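Working notes for the structure below.
The values are calculated or read from the model by the stated rules, or taken from the named source; none is laboratory data. The shown structure was predicted, so the numbers you read here are calculated from the model rather than taken from an experiment. When we count neighbours, we look across all protein chains shown, and the Cβ atoms used for this are built from the backbone with ideal geometry, even at glycine.
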């Protein structure tokens, strides 16, 4: 694979850049002039790079199916961490699973940028980056690492619910429905009324952008400087339909308990909102936000690093869900 021609910032997708824009450098790389090309070939390209990445992968403790690598920023250069070092970034190359794996880094990057830029959803800082052989990878800055290298406490919702493969089986993170996430939030977040609308908006966003893999481990709470907890920035957002045959919702029981899951999808979301304590005004404000700015969504899709086929696929999926959510 040849080195890609850069016409849009690989971070913000702003036009007219042949590398990272200043906005991206400030947000993702603490203002340092980082190159969009990594000093490595992608994993499995040759024996040397394969051994290098295999050793790093074993240092990572973050769970998930897709391989992730720990990366550190030293001056203006990104490098893989050595054993015992604390990484501040997570690197996700093209995976070896799913359909169309070569599109996954661009898919996740695009979806995260839409969430932040168009809809004001707080996300983990992120960008696309490229290996020496031109293959893309998704890079994200860890939000649980402080400036001094120590960690903010963070827990995903599967851990908060006490669910493990040993206690709930191999599908532990997919059991239940989305109303249960709010029950967990009530137990652990003092500012539940402030955080609940954010979680609801994220769940609707996931539906709108066909993220059918938003399970219990893809939502977390994060320690604040005051020592309490809030909803963490969003992460792992992507159109999962491009890569796997999945249902509309990751959780086995869907959006609501089965006895409440009546009516069209917009009506079900309104039932969920009412059940978890959102006012009608809050709910309508969230829908008004997510069902606006379609031209900005389209512009970001066109600027993304998806290939032309999957730009069309992504846009069509968005337009279909948009119509479904517009029906009261």
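All conditions but one from (1) outside the structural domain of residue 88 (by the TED database); (2) closer than 19 Å to residue 108 by Cβ; (3) in contact (Cβ under 8 Å) with a residue 24 or more places away in the chain apply to residue 15; the one that does not is (2).
Which members of the stretch 53-81 meet the condition of being modelled with pLDDT of 90 or more and either under 23 Å from residue 156 (Cα atoms) or in contact with a strand residue (DSSP E or B) (Cβ under 9 Å, 6 or more places away or on another chain) (or both)? Spell out the reasoning first.
Step one: of the stretch 53-81, the residues modelled with pLDDT of 90 or more are 68-81.
Across the stretch 53-81, the qualifying residues are 68, 69, 70, 71, 72, 73, 78, 79, 80, 81.
Among the criteria (1) closer than 20 Å to residue 234 by Cα; (2) surrounded by fewer than 22 Cβ atoms within 10 Å (Cβ to Cβ), the one residue 110 does not fulfil is (2). Scanning the stretch 66-91 for residues that are buried (at least 17 other Cβ atoms within 10 Å of the Cβ), within 17 Å of residue 124 (Cα to Cα) and without any contact (Cβ under 8 Å) to a residue 40 or more places away in the chain yields 68, 69, 70.
Taking the conditions (1) surrounded by fewer than 16 Cβ atoms within 10 Å (Cβ to Cβ); (2) at pLDDT 95 or above in turn, residue 327 satisfies each one other than (2). When the stretch 266-282 is filtered for residues that are part of a loop (DSSP other than H, G, I, E, B) and crowded, with 18+ Cβ neighbours inside 10 Å, the ones remaining, listed by number, are 276, 278.
This table checks each residue for (1) in contact with a helix residue (DSSP H, G or I) (Cβ under 7 Å, 6 or more places away or on another chain); (2) closer than 17 Å to residue 116 by Cα; (3) surrounded by fewer than 15 Cβ atoms within 10 Å (Cβ to Cβ).
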residue	(1), (2), (3)
3	no, no, yes
11	yes, yes, no
15	yes, no, yes
27	no, yes, no
35	no, no, yes
38	no, no, no
41	yes, no, no
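Listed here are the residues, each with its yes/no results for (1) out of contact with any helix residue (DSSP H, G or I) (no Cβ under 6 Å at 6 or more places or on another chain); (2) over 19 Å from residue 120 (Cα atoms); (3) in the same structural domain as residue 128 (by the TED database).
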site	(1), (2), (3)
264	yes, yes, no
280	yes, yes, no
299	yes, no, no
304	no, no, no
312	yes, yes, no
319	yes, yes, no
322	yes, no, no
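Rundown of residues vs (1) closer than 30 Å to residue 158 by Cα; (2) modelled with pLDDT of 95 or more; (3) assigned to a loop (DSSP other than H, G, I, E, B); (4) touching a strand residue (DSSP E or B) at 6+ places or on another chain (Cβ under 6 Å), yes/no style:
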{"position": "13", "(1), (2), (3), (4)": "no, yes, yes, no"}
{"position": "34", "(1), (2), (3), (4)": "no, yes, yes, no"}
{"position": "45", "(1), (2), (3), (4)": "no, no, yes, no"}
{"position": "51", "(1), (2), (3), (4)": "no, no, no, no"}
{"position": "92", "(1), (2), (3), (4)": "yes, yes, no, yes"}
{"position": "99", "(1), (2), (3), (4)": "yes, no, yes, no"}
